[in-house]
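Scroll down for the structure; my scribbles are underneath it.
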Amino acid sequence: MRRIDALVLLSTFSHSSLVAAKSLPRGVGPEFAKFFETEASFTCIGNPAITLRPSQINDDSCDCPDGSDEPGTSACAYLDPLSPEQPLRDSLTGTTNTTTSLPGFWCANKGHIGSYIPFMYVNDGVCDYELCCDGSEEYAHAGGVQCENRCDAIGKEWRRREDERRKSKEKSAKQRRTLVKEAQELRRTVESRITSLKQELEGLEIKKGDLQKKLEEIERSEKGKVVKTEGQGGKLGVLVGLAKRRVSELRDTLDKVLDQRDDMQDRVEQLEDILRKFREEYNPNFNDEGVKAAVKSWEDYAAGTPAEKSELSDVDIMEVLKEDSEETGINWAEFEEEDAVSDADIVYNLEAYLPAPVRDYIHAKVNLLRIWLIENGVLADNPTSSGESRLVAAARELLESAKSDFSSKTATLEDQERDLEKDYGPDDIFRALKGKCVSSDVGEYEYELCWIDRTAQKSKKGHGNTNMGNFVKIDTELADEEDRADGKGLGKGRRLVLRYDNGQGCWNGPNRRTDVWLACAEKDEVWRVSESEKCVYKMEVGTPAACDDVHEPGVRTKDEL
Ligand code: MAN
């Protein structure tokens, strides 16, 4: 089949408009009919100064410099740029330095679509059904060729294909609209996340300030506390601590008193010995009244009954003086431990039993509750191992957790704001595809495209995956390719190109990179992958995201409103 070049123009005229062409000279297209309507003479279209007789039209002799007098023959074919250049009479340059006014021989192609065919193909003995399905260009039957009219069959097939193309286009456009809606929804989600994060941060800012003040207040009041509680527990714990200390003081005092008593008893015995000796050894013959009275007093003292002994025996006293332990006296530890477990620590440790996702939230709430309980005297404060009171530690912990919440939310906010500014292509469409992947077997590899993420080359022999680049930006480039029969091609025109860069290093070369060229298709599909130079890849991908922005009938765009 002969290759038809781009010069050939397809007519946009409908079949009904061709009816008038019946009386026109052969080969005249509907848009040139007006030049051939006068029957008296013919004026060359591109050279109005030259007038010809009507019989000179289609007489197989090229009379007009623009070839317009031969619409139905190949006589002026040499003027056609498709023809080899030929010298023209009286031409200074010696070439056909001119162009034809007519685009070609008009084939009406009834039942299909009329079109022009280059003049050089007229009566050349070849049926050019691609452009001239009615075979009218071979009217001279050169070499005995008979070109039957195939327009019915060709037209029918063409209409079927056109219908398919239209449906596919509509389907793709619908898919695209769905993607746009998804992208809008995702954008709205990011926007509302930003709004709520900003509000949360405002609240956290205030909370941080309050907690800072609270911590300072607690630290101040803790410093001013005269009596610090000892041990653990609530009011009972405080009482136990005080009682223990009091009992210990009393025991020490009793011990000292007993020592003093024993000293005094020794002294009394010494004194009694002295007086007993004095009574035995004094000389009664000396008539000394003072001595006699002293002896009499001693004899009365010695004859008298000693003061009743205390019911408390030394054994009992020694029993009281024994240190408290698990076996004797009071087991203080038992009270302390029991008290600690029964009230304070249960609250302190409650959060350990909570499920992880709510632990932080509950932790903060429990801390607030704990501070309130301590401040209101329901719980005893509990010094931490660092020596800082439990109250201060809890307040500090709350502040720290508010600070860390603030900084992590600030980071998330910045991240979301950056995301909103990011280029996700026309209508934000790649926002809807972000992170989704599509792959295809091409030769010895499976190639994978992950939208707005990375491209990869996966070995089918189990040699692992190779990163072919990480997403950088969205670009456009001009494609210039013939249309493919299956429609899986870039065609001609401006196309979206996604740049993926800085992939896995190439042996003795640069890092791998991929240009992902996109064309409209009903579904995402990797069509082809080529490696124009080592480790520089071109991926051709079909996707509804690259389709034209076709609007639903009746739906007006923003620009149209
Ligand atoms: C692998 C593949 C190829 C690439 C060579 C470079 O075989 O990634 O695409 O050309 O490495 O060494």
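The values are calculated or read from the model by the stated rules, or taken from the named source; none is laboratory data. These numbers come from a predicted model, not from an experiment. With ideal geometry, Cβ positions are generated from the backbone for all residues, glycine too; neighbour counts draw on all protein chains shown. Only protein heavy atoms, including side chains, enter the accessible area calculation; ligands, DNA and RNA are left aside. Shrake-Rupley method; radii C 1.70, N 1.55, O 1.52, S 1.80 Å.
Tabulated results
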| item | result |
| --- | --- |
| Lys171-Arg220 FRET efficiency (beta carbon distance; Förster radius 51 Å; 0.05 resolution) | 0.10 |
| Solvent-accessible ranking of Ile194, Ile154, largest area first, probe 1.4 Å | Ile154, Ile194 |
| Chymotrypsin sites (Phe, Trp or Tyr not before Pro) within the stretch 113-167: DSSP coil, no more than 10 neighbouring Cβ in 10 Å | none |
| Calculated from backbone phi, Karplus (6.51, -1.76, 1.60) coupling profile of the stretch 500-511 in Hz, x at Gly/Pro | 10, 10, 6, x, 4, x, 8, 4, 6, x, x, 6 |
| Accessible area, probe 1.4 Å, largest first, for residues Val442, Val497 | Val442, Val497 |
| Accessible surface of the stretch 161-218 [probe 1.4 Å, protein heavy atoms]: carbon and sulfur percent | 49 percent |
| Rounded, prolate or oblate (a/c below 1.5 giving rounded, otherwise prolate when a/b exceeds b/c) for the stretch 93-187 by Cα gyration tensor | oblate |
| Residues whose placed amide H lies under 5 Å from that of Arg454, excluding near-sequence neighbours | Phe471 |
| With all protein chains modelled, accessible area of Phe286 [1.4 Å, Å²] | 140 Å² |
| Amide hydrogen neighbours beyond the local backbone of Trp527, cut-off 5 Å, H modeled | Glu540, Val541, Gly542 |
| Under-5 Å amide H pairs with Asp69, H placed in peptide plane, nonlocal only | Asp63, Cys64 |
| Leu373 accessible area, assembled protein chains, probe 1.4 Å, Å² | 20 Å² |
| Global form of the stretch 382-480, assessed from the alpha-carbon gyration tensor, a/c cut-off 1.5 | oblate |
| Dipole-positive endmost among Asn149, Gly209, Tyr116 within the stretch 115-228 (Cβ charges, Cα centre) | Gly209 |
| Per-residue ³J(HN,Hα) for the stretch 538-543, Karplus 6.51 cos²θ - 1.76 cosθ + 1.60, θ = phi - 60°, Hz, x for Gly and Pro | 10, 10, 9, 10, x, 7 |
| Exposure rank, largest accessible area first [Val190, Val247; 1.4 Å] | Val247, Val190 |
| Förster radius 60 Å - calculated FRET efficiency between Glu202 and Glu157 (Cβ-Cβ, nearest 0.05) | 0.35 |
| Cα shape, the stretch 408-561, gyration tensor, a/c 1.5 rule | oblate |
